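First comes the structure, then the notes that go with it.
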Number of protein chains: 2
Amino acid sequence: MIKKFTLENILNFEQRYRATFINSLGGFKSLVLIGTKSKSGNSNLAVFNSLFHLGAHPPMVGFIIRPDSAERHTLNNILETGSLTINHVSEEFYKQAHQTSARYPNDVSEFGAVNLSEEYDEEHFAPFVQESEVKIGAEFVRKINVEENGTIIIIAKIKLVSLPEYGLMKDGFIDLEKAGTITCTGVDAYYRVKKIARLSYAKPNKLPDIL
Amino acid sequence: MIKKFTLENILNFEQRYRATFINSLGGFKSLVLIGTKSKSGNSNLAVFNSLFHLGAHPPMVGFIIRPDSAERHTLNNILETGSLTINHVSEEFYKQAHQTSARYPNDVSEFGAVNLSEEYDEEHFAPFVQESEVKIGAEFVRKINVEENGTIIIIAKIKLVSLPEYGLMKDGFIDLEKAGTITCTGVDAYYRVKKIARLSYAKPNKLPDIL
């Protein structure tokens with residue numbers, strides 16, 4: 001049985017039901033912890049599920065910040081210092097990653113509050129998550145205000161990547177299943193993955209092969 | 001053994017290696033087929049892996065288009081008609097979804113070329129993918145040019161949702177594992193998922209519970 005909902009139906013949903021419905025509608029997401037630090041030295045860690053690939057040359061990513069949420073400290077630190085880290089989440093610490101979304105006071109570091117370890121690289125200001133297998137150091141490029149709902153798109157440039165050697169294939173592909181990265185839907189559902197296949201580059205007159 | 005790459009290393013990668021590396025670095029992605037139709041009646045279908053949640057009220061999503069790619073027909077049709085559909089991908093037709101990324105001529109519909117079926121709703125102009133379990137009808141809101149690399153962010157408003165009743169939970173959560181939705185990394189790796197858990201809303205002084 002197929003259920004069909006119009007915009008009018010959706011706008012009439014109870015508020016929390018609607019948020020849960022729309023948040024889980026978009027498919028599986030990139031689940032990362034974004035690490036920052038204020039100029040005065042307060043570190044911050046927040047979970048995000050909106051990371052998207054923007055380009056490989058220069059290497060750039062984007063993500064969404066809701067300024068009225070626990071994410072506002074991340075935004076302030078990025079605007080103040082230009083520095084952030086993007087850290088993949090493994091099954092071993094997904095509950096701690098989730099817990100960073102609690103509204104801790106400004107002077108409490110989520111690293112300490114959820115028991116994850118800050119790790120520093122001499123070439124980068126913002127703290128990495130030591131427990132993460134795949135770590136990205138990035139630099140703020142610019143922000144785009146989405147007037148329709150007050151969210152902000154942050155565009156960042158990748159400056160530093162660290163990952164386990166066994167996760168890197170010969171053609172540059174990073175095998176995130178091997179690296180233990182997990183995925184999520186909505187704001188609270190976490191999933192491990194199992195590869196189906198990699199497929200060859202698509203050409204008009206030939207079906208793709210399994211690599 | 002940990003491998004570390006600086007921006008300089010990454011910029012010195014061979015071009016295809018770099019694209020594969022950076023594309024797979026960002027984690028698991030939302031894998032969807034976007035359906036459109038030109039005013040003159042040519043339907044188009046293209047695979048995307050950059051869909052992100054922008055907000056629940058109003059329900060909005062965003063995604064990235066590379067105008068120099070097979071995605072340019074999608075862009076033209078969206079700008080011409082304002083209408084698009086977003087269709088989840090299942091394991092049953094992931095090869096066909098991948099194949100839509102081949103550079104077919106403008107007058108060839110990927111629906112026919114890859115053997116997926118157009119489905120129409122009387123309230124929506126753009127074609128849905130009949131084979132998809134979860135289908136979203138959406139309306140163009142605006143585009144944002146990313147000057148740094150010539151990509152375009154499309155913002156769209158959700159107007160219509162259709163999904164199997166068994167995939168919708170009592171609290172509005174859509175169980176995409178049940179619905180058979182798959183995920184991907186990079187531009188060619190496809191994965192099925194297995195739920196670890198849903199976690200309760202995070203509060204500062206309490207670890208989250210498994211729902």
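Every read-out reported here was derived from the displayed coordinates using simple, explicitly stated rules and does not represent laboratory data. What you are looking at is a predicted structure, and each value in this text was computed from that prediction instead of being measured. No Cβ is skipped: glycine too gets one built from the backbone with ideal geometry, and neighbour counts run over all protein chains shown.
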Using the count of nearby Cβ atoms within 10 Å as a rough guide to exposure, how do A:S117, A:S132 rank from fewest to most? A:S117, A:S132
What list do you get for A:D68, B:D188, A:D121 if you sort them by fewest beta carbons within 10 Å? A:D68, A:D121, B:D188
Counting other C-beta atoms within 10 Å, and keeping those with at most 14, which DSSP coil GluC sites (Glu not before Pro) do you find in segment A:2-98? A:E14
Under 13 Å from the Cβ of A:A70, count the other residues' Cβ atoms, weight Lys and Arg +1, Asp and Glu -1, and hand me the total. +1
Under a cut-off of 15 Å between alpha-carbon atoms, report the aspartates and glutamates in cross-link reach of A:K194, not counting same-chain residues fewer than 8 places apart. A:E91, A:D175, A:E177, B:E91, B:E177, B:D188
Distances from B:K206 to the same position in the other copies: list them in nm, one decimal, shortest first, using label points 7 Å from Cα along Cα→Cβ. 5.8
Segment A:8-64 and segment B:164-207: distance between their alpha carbon centers, rounded to Å: 15
Between copies, how far apart are the A:E92 label points? List them in nm, one decimal, shortest first, with each point 7 Å from Cα toward Cβ, please? 3.9
Over 30 Å between C-alpha atoms is what I'm after, so list which of B:K4/B:K143; A:K37/B:K157; A:K157/B:K29 land there. B:K4/B:K143; A:K37/B:K157
With a 10 Å cut-off between alpha carbons and a GNM built on chain A, which of A:A138, A:A189, A:A197 moves the most? A:A197
Coil-residue GluC sites (Glu not before Pro) of segment A:112-211, DSSP, other Cβ within 10 Å capped at 12: A:E122, A:E123, A:E147
Taking B:K29, B:K157, B:K206 and counting other beta carbon atoms within 10 angstrom, the fewest-first order is B:K206, B:K157, B:K29
Derived scalar couplings ³J(HN,Hα) [segment B:119-135; Karplus, 6.51 cos²θ - 1.76 cosθ + 1.60; whole Hz; x for Gly, Pro]: 10, 10, 10, 4, 8, 9, 6, 6, x, 8, 9, 4, 5, 6, 7, 10, 10
Using a label position 7 Å from Cα in the Cα→Cβ direction, what is the ascending list of nm distances from B:M169 to the same site in the other copies? 3.2
